[in-house]
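A.B. asks: Mind looking over this structure? Questions follow.
The values are calculated or read from the model by the stated rules, or taken from the named source; none is laboratory data. Not measured: the values here are computed from a predicted model. Here the Cβ positions follow ideal geometry from the backbone for every residue, glycine too, while neighbour counts run over all protein chains shown. The accessibility values were calculated without ligands, DNA or RNA, using every heavy atom of the protein model including side chains. Shrake-Rupley method; radii C 1.70, N 1.55, O 1.52, S 1.80 Å.
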Amino acid sequence: MTGSKVEANPEQPSSVNQVLRAIKRRAGFVVQIIHPRNIKKAYKILQKGGSKEFMRRFRAKCQYYYADQRYQYRDYLRITRPTEKELEQQRKAHFAYRPCFGVMIPLYNTKPEYLEDLLDSFQAQTYSNFKLFMVDASPVEDGKTSLTDIMHLEAEKDPRIIYEVLDQNEGIAGNTNQAITIAMQDTDVTHIALCDHDDFIEPDTLYQYAKVLNRDTNVKIIYSDEDVVKHKDDPEAYYVMKPDFSPYYMESCNYINHFFTCEKELFRTIKTKEGLYEQPEYDGAQDYDLYLRLIEKALELDQKLEKQSTQKIKNAIYTSSTIHHVPKVLYHWRAAETSTAQDPHNKLYAFDAGKRALEAYFQRRQVNVKSVEHTDVLGTYRTKYSLDQEPLVSVIIPNKDHAADLKKAIESVKNGTYRNLEFIVIENNSTEPETFAYYKELEKTQDIKIVYFEGEYNYSAINNYGVKSAKGEILLLLNNDIEMINPDSIAEMVAILRREQVGAVGAQLLFDNGELQHAGVIIGFGGSAGHIFHRMRPEFSYGNRANCVTNYSAVTAACFMVKKSTYEAIEGFDEKFTISFNDVDFCLKIRSLGELIVYSPYAKFYHYESKSRGPDTKGEKRLRMEQEAARLRHKWPEIYQKGDPYYNKNFTLHRFDCSLREISPSDFHE
């Protein structure tokens, strides 16, 4: 028995030209493998990370080279960029509010060609009210560095460039602090932005940010999508598309990264007693620490904005009033030989610093954490929580026959580490004698209760009926075709659910071959909703997202946890959704209260999908599912119109792998 179903429109068959191009691409991949430069790099990875890390990187590279979106991205970026006519219109645009962006750029032995790309990209900006605060920590000889002559010349040509040679190299955090201190004293500057010395931006980057600030005066922090390149117009560039603000994803990794911009006054609030903004003890992850501290302050402001009354809350599209994501690739992160973008092992100390920054963040927020640990993917962290008590969890399982599966589901949960459980099995129209014999066996157990739902199968009504018998303050909705894998899955879900503002927690569900059945639900897939990364292996998920604790608009009710008080506050499942999308609607109702839906990959289960009822792919079942999909779209029009905030408008809604959407230039030009 299941709630929502995965739906997607079939892909159009490839043309002959597409097939020929695919063959050419694969041949190019073979050439890449045997190139001496890549053989040397592979040996280096093997030495540093061992065979496990080498194979993970090799599999990921295979997937990357064989994926059509890698090659599509070049065309996609070209088409979605503003035209020359639009850039000229941006230059002429008048804003009622003209923020001044102070951009922090610490320099250190910067290659002249990188510096040229950087400066050219700022001088090409269609929005002109900015200043570059460039502090140079390169070695000094005869009173100047290797960059001094170039920078003095550039500063003479452009008064927006403020250049200063530092007395000594204090590390990335210390050098950045020098730039921030200068910018904070500049009365023109309204916003602080961070930029690496070897990166560059799109010509409309600051225009897009100024437009956001004119549209919404509550916004304090802005970030954008980005890509990773070796050089300008790099044909092998890969995109980094991000969700709107996702607090739990941010606790898993620094997904925000570039191009981070923050209101100057908010920046001032995180100044330490020592007069610092970035903290040197987190060098390598100094930005992660900085972002976490600024986000805390921004969320405090969120709470003061009476968000409960906002329309975005009611429409289930709210993420933050103060933190804004621009879904455009506006920043180009250069994968230099020594950068973490090129090889994470280049700066292992940075990941330890990130771990410590996250530990400090939890301590400040008084979250009861046992430990923060590295995962197999460097730069991604797992938080293990401490449970000071185990509230009663009522496990709600609808059932029709399949006694062996039901037994497996119950015993797998009972054999886990969480002890304070009761089980409510909701019987609905079983016919097999084995089923009723098993019920008699179960009823001998004190913590298991069988309740009987008469009438036709209605997933929503069955669960609503079963919940009435639940005594627990927490409900775990579970299909009868589920088997728990990680023994501490229930404890993981309870710990997350008990955190502030969490409305429901979903789990990672796998098919028995290790492929993903569920890792979060995206609104809009196939015109309705569906499971991201469906039928993919978790390690191949885009940005490793299937292996990160993160936020989604919805999770499947095949296995999710919710407080009973929340269940009652939204009046349970809408019984008009008899079979499909009831869980999506349920989660959106929770979101309309201003609460979060969290997915955890550490709550891990097998899901032997739809064993009881079979699939909804033909005849009457298919028609009913389509009708319920239409009801979902009618009930929640805003999220279909605006797009799922935890996805990205640049991604397709016809595949589950976060490949790029169908290229339609009219969608991206003003």
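A.B. asks: Rounded to the nearest 0.05, what FRET efficiency do residue 565 and residue 535 give with R0 = 35 Å and r taken as the Cβ-Cβ distance? Could you check?
C.D. replies: 0.45
A.B. asks: Spin-label point model (7 Å from Cα, Cβ direction): what's the residue 51 to residue 364 distance in nm?
C.D. replies: Spacing of the two 7 Å Cα→Cβ label points: 4.4 nm.
A.B. asks: Rounded to the nearest 10 Å², what accessible area does residue 305 have for a 1.4 Å probe in the complete protein model?
C.D. replies: 60
A.B. asks: In sequence order, what are the phi-derived ³J(HN,Hα) couplings for region 404-410 according to the Karplus relation 6.51 cos²θ - 1.76 cosθ + 1.60 with θ = phi - 60°, rounded to whole Hz, with x for glycine and proline?
C.D. replies: Running phi through 6.51 cos²θ - 1.76 cosθ + 1.60 with θ = phi - 60° gives 5, 5, 4, 4, 4, 4, 5 Hz.
A.B. asks: Also, quick follow-up: Determine the shape class of region 202-293: with a ≥ b ≥ c the square roots of the Cα gyration tensor eigenvalues, call it rounded for a/c under 1.5, and otherwise prolate if a/b is greater than b/c, oblate otherwise.
C.D. replies: It is oblate, given that a/c is not under 1.5 and a/b is not larger than b/c.
A.B. asks: Shape of region 119-200 from its Cα gyration tensor (a ≥ b ≥ c, root eigenvalues): rounded if a/c is under 1.5, otherwise prolate when a/b > b/c, or oblate?
C.D. replies: It comes out oblate by the Cα gyration axes.
A.B. asks: While we're here: Taking R0 as 25 Å, what's the FRET efficiency between residue 40 and residue 231 from their Cβ-Cβ distance, rounded to 0.05?
C.D. replies: 0.85
A.B. asks: If I fit a long axis through the Cα atoms of helix 205-215 and take the longest principal axis of the Cα atoms of the chain, what angle between them do I get, 0 to 90°, rounded to 10?
C.D. replies: Roughly 60 degrees between the two axes.
A.B. asks: Between residue 502 and residues 5 or more places away or on another chain, which pairs have amide H atoms under 5 Å apart, with H built 1.01 Å from N, and which residues are they?
C.D. replies: Hits under the 5 Å cutoff: 596.
A.B. asks: For residue 352 paired with residue 469, estimate the spin-label separation in nm (one decimal), with each label point 7 Å from Cα along the Cα-to-Cβ line.
C.D. replies: 5.5
A.B. asks: Continuing with the same structure: Express as a percent, rounded to the nearest 5, the fraction of DSSP beta bridges in region 465-599 (both residues included) that run antiparallel.
C.D. replies: Taking every DSSP beta bridge with both residues in region 465-599, the antiparallel ones total about 80 percent.
A.B. asks: Which loop-located trypsin sites (Lys or Arg not before Pro) does region 194-234 contain, where loop means any DSSP state but H, G, I, E or B and the Cβ has at most 15 other Cβ atoms within 10 Å?
C.D. replies: Answer in residue order: 230, 232.
A.B. asks: Now a separate question. With a 1.4 Å probe and all protein chains left in place, how much of the accessible area of region 425-574 comes from carbon and sulfur atoms, in whole percent?
C.D. replies: In region 425-574, the share of accessible area belonging to carbon and sulfur is 47 percent.
A.B. asks: Suppose the chain between residue 635 and residue 373 were pulled fully straight at 0.36 nm per residue; how much longer would it get relative to their current alpha carbon spacing?
C.D. replies: Gain on stretching residue 635 to residue 373: 90.2 nm.
A.B. asks: Any idea what angle helix 36-66 forms with the longest principal axis of the chain, computed on alpha-carbon atoms, 0 to 90 degrees, nearest 10?
C.D. replies: 70
A.B. asks: Could I have the simple spin-label model distance between residue 593 and residue 58, label points 7 Å from Cα toward Cβ, reported in nm to one decimal?
C.D. replies: It works out to 5.0 nm between the two label points.
A.B. asks: Hey, if you put +1 on the Cβ of every Lys and Arg and -1 on every Asp and Glu Cβ in the chain, which of 592, 560, 351 ends up farthest toward the positive end of that dipole?
C.D. replies: After comparing all options, I get 560.
A.B. asks: Which one, 329, 172, 192, is farthest towards the positive end of the dipole of the chain when Lys and Arg carry +1 and Asp and Glu -1 on their Cβ?
C.D. replies: My answer, from the dipole projection, is 329.
A.B. asks: Can you compute the FRET efficiency between residue 164 and residue 300 using 1/(1 + (r/R0)^6), with r the Cβ-Cβ distance and R0 = 35 Å? Round to the nearest 0.05.
C.D. replies: 0.55
A.B. asks: Another question, if that's okay. So which chymotrypsin sites (Phe, Trp or Tyr not before Pro) in region 276-324 end up in coil per DSSP with only 13 or fewer other C-beta atoms within 10 Å?
C.D. replies: Nothing satisfies the criteria.
A.B. asks: Sticking with this one: Among 540, 239, 318, flag the residue with its Cα farthest along the positive direction of the charge dipole of the chain, charges on Cβ as +1 for Lys/Arg and -1 for Asp/Glu.
C.D. replies: The listed residue farthest towards the positive side: 540.
A.B. asks: Name the long-range amide H neighbours of residue 170: under 5 Å, sequence gap of 5 or more, or other chain; modelled H, no Pro or chain starts.
C.D. replies: Counting only residues 5 or more places away or on other chains, the set is 175.
A.B. asks: With the Cα gyration tensor of region 344-386 giving a ≥ b ≥ c as the square roots of its eigenvalues, does the rule (a/c under 1.5 for rounded; else a/b larger than b/c for prolate; else oblate) give rounded, prolate or oblate?
C.D. replies: Oblate, because a/c is 1.5 or more while a/b does not exceed b/c.
A.B. asks: Right, next: Could you tell me which of the pairs 312/471; 449/621; 440/468; 48/355 are separated by over 23 angstrom between their Cα atoms in the structure shown?
C.D. replies: 312/471; 449/621
A.B. asks: Sticking with this structure for a sec: What size of dipole, in debye to the nearest 20, comes out for region 484-612 about its Cα centre when the only charges are +1 on Lys and Arg C-beta atoms and -1 on Asp and Glu C-beta atoms?
C.D. replies: Using Cβ point charges on Lys, Arg, Asp and Glu, region 484-612 gives about 160 debye.
A.B. asks: Sticking with this structure for a sec: Find, among the trypsin sites (Lys or Arg not before Pro) in region 416-445, those assigned to loop by DSSP (not H, G, I, E, B) with at most 13 other beta-carbon atoms within 10 angstrom.
C.D. replies: The qualifying sites are 419, 444.
A.B. asks: Also, I was wondering about something else. When the helix-only estimate is applied to the chain (DSSP H runs of n ≥ 4, each -39,500 (n - 2.57), divided by the residue count), what is the mean residue ellipticity at 222 nm, nearest 500 deg cm²/dmol?
C.D. replies: Estimated from H runs of four or more residues: -11500 deg cm²/dmol.
A.B. asks: Can you tell me the dipole magnitude for region 377-525 around its Cα centre, using point charges on the Cβ only (Lys, Arg +1; Asp, Glu -1), in Debye to the nearest 20?
C.D. replies: Approximately 460 debye in magnitude.
A.B. asks: Where nothing but the Cβ of Lys and Arg (+1) and of Asp and Glu (-1) is charged, how large is the charge dipole of the chain around its Cα centre, in debye to the nearest 20?
C.D. replies: 1180
A.B. asks: Treating the angle as unsigned and between 0 and 90°, give the value, to the nearest 10°, between the Cα long axis of helix 348-365 and the longest Cα principal axis of the chain.
C.D. replies: 60
A.B. asks: For a quick check of understanding: with a 1.4 angstrom probe and all protein chains in place, what accessible area in square angstrom does residue 548 have, to the nearest ten?
C.D. replies: Ignoring ligands and nucleic acids, residue 548 comes out at about 0 Å².
A.B. asks: Which lysines, if any, have their Cα less than 24 Å from the Cα of residue 131, not counting same-chain residues under 8 positions apart?
C.D. replies: By straight Cα distance, residue 131 reaches 92, 111, 144, 157, 211, 220, 232, 264, 271, 328.
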